[in-house]
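Right, one structure below, let's go through it.
The values are calculated or read from the model by the stated rules, or taken from the named source; none is laboratory data. No experiment lies behind these values; they were computed from the predicted model shown. Cβ: placed from backbone, ideal geometry, glycine included. Neighbour counts: every protein chain shown.
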Amino acid sequence: MLYAPDCIYHNGQYYLYYCLAGDKTDDEGVAVSDSPYGPFRNGRVIKGAECIDPSIFIDDDGQAYLYWGQGYAKGARLSRDLTRIEGPISDKLLTFQEHAFNEASSVRKRNGIYYYIYGGHQRHGESNCATLNYATSTSPLGPFTYRGVIVDNFSS
């Protein structure tokens, strides 16, 4: 099954990032197309990226980053062709305990600050991602500081 995809247009092509949920592992993968509607071809596993919810971010300098995870957010620099991890994997960008991180990574940059937006677990007993939280950093791979809840689906 294909779960929680993210897609980005870069250098004339569309890159679809996805999670292939299986019995033994949840591998992240990427496929490429000339159209946002597909077909996406040459799907391949991104070695080292296992878990769920891949997200792609391309910084101002053209460097791409992949984020993913559940309970612990992970991230890494991508190769120039956006299909492989280059360099070390940061395996605890955000944590369940410190940042209330659950899943659904999304990174953006504004005025030199990186905003990591994600589904939180503050109301885990009521819903898996009842809150939308954020953390900030001056670097795309952290460290990130928890800033709070943007949306609480259970607030009155």
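Looking at G29, G43, just one residue is assigned to a strand (DSSP E or B), at pLDDT below 95, in contact with a Gly (Cβ under 8 Å, 6 or more places away or on another chain) and farther than 30 Å from E98 by Cα, and that residue is G43. Residues considered: E103, E86. Of these, the only one that is in a strand (DSSP E or B) and within 18 Å of A4 (Cα to Cα) is E103.
Give the residue that is farthest from G142 (Cα to Cα), with candidates limited to residues of segment 96-112 that are surrounded by 12 or more Cβ atoms within 10 Å (Cβ to Cβ) and charged (D, E, K, R).
Here the residue is E103.
Applying the selection to segment 58-83, what residues are under 19 Å from C7 (Cβ atoms) and outside any strand (DSSP E or B)? Answer for segment 58-83, where residues must be under 19 Å from C7 (Cβ atoms) and outside any strand (DSSP E or B): D59, G62, Q63, S79, R80, D81, L82, T83.
In this structure, I52 does not qualify as part of a strand (DSSP E or B) and either of a type in the set (A, V, I, L, M, F, W, C) or in contact with a Phe, Trp or Tyr (Cβ under 8 Å, 6 or more places away or on another chain) (or both). When L93, L82 are checked against the criterion of being surrounded by 13 or more Cβ atoms within 10 Å (Cβ to Cβ), under 23 Å from P143 (Cβ atoms), touching a strand residue (DSSP E or B) at 6+ places or on another chain (Cβ under 9 Å) and of a type outside the set (F, W, Y), L93 stands alone in meeting it.
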